[in-house]
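Report on the structure given below.
The values are calculated or read from the model by the stated rules, or taken from the named source; none is laboratory data. This is a predicted model, so every value here is computed, not measured. As a convention, Cβ positions derive from the backbone with ideal geometry for all residues, glycine included, and neighbour counts pool all protein chains shown. Protein only, heavy atoms only, side chains kept; ligands, DNA and RNA dropped before computing areas. Shrake-Rupley method; radii C 1.70, N 1.55, O 1.52, S 1.80 Å.
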Amino acid sequence: VQLQASGGGLVQAGGSLRLSCAVSGSIFGIYDIGWYRQAPGKERELVAAIAWGGSTNYPDSVKGRFTISSDNAKKMVFLQMNSLKPEDTAVYYCNVFIIVTKTNYWGQGTLVTVSS
């Protein structure tokens, strides 16, 4: 399984970006998908997830601003980010987590920079 993230860039505070993640290869078993981010000097954190059953999960820091979605037919995962803040600046990673084997697959990351 390989994940290719794209869509990052430089945006002013209050602006929007849409990240995309292309998933290639075969995924066996049930899985969750998500987006994480890692800012300089900080740990990687979850910003959005879709569970196998379809429920979504967001931390309070992005709730109401970020939306995760997927197109299973095209094997794509998206993260729509609105009302961006300077503290959203980070490298964003897409993730597939195979639940039974507890295996994580990561994309290479895409940099989002929000200027004030």
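The set of residues from the range 85-101 being acidic (Asp, Glu) and either modelled with pLDDT under 95 or surrounded by 17 or more Cβ atoms within 10 Å (Cβ to Cβ) (or both) comprises just one member, Asp88.
With the structure loaded, tell me whether Val23 is modelled with pLDDT of 95 or more and touching a strand residue (DSSP E or B) at 6+ places or on another chain (Cβ under 7 Å) or whether it fails that test. Answer is no for this residue.
Screening the range 1-20 for residues that are of a type in the set (A, V, I, L, M) and closer than 25 Å to Asn72 by Cα and picking the one that is modelled with the lowest pLDDT gives Val1. Listed by first and then second residue, the pairs linking a residue in the range 102-116 that is over 18 Å from Val77 (Cα atoms) and open to solvent by 70 Å² or more (accessible area, probe 1.4 Å) to a residue that is among the aliphatic types (A, V, I, L, M) and outside any strand (DSSP E or B), with Cβ atoms under 8 Å apart and 6 or more places separating them unless they lie on different chains, are Ser116/Ala13.
For residues that are in a strand (DSSP E or B) and among the polar types (S, T, N, Q), scanning just the range 3-21, find the one that is least open to solvent (accessible area, probe 1.4 Å). Only one residue tops the list, namely Ser20.
Looking at the structure I just gave you, is Asp32 among the acidic types (Asp, Glu), surrounded by fewer than 21 Cβ atoms within 10 Å (Cβ to Cβ) and in contact (Cβ under 8 Å) with a residue 12 or more places away in the chain? Considered against the rule, which asks whether it is among the acidic types (Asp, Glu), surrounded by fewer than 21 Cβ atoms within 10 Å (Cβ to Cβ) and in contact (Cβ under 8 Å) with a residue 12 or more places away in the chain, Asp32 comes out as yes.
May I ask you to list the residues in the range 22-38 that are in a loop (DSSP other than H, G, I, E, B) and not polar (S, T, N, Q)? Correct list: Gly25, Ile27, Phe28, Gly29, Ile30.
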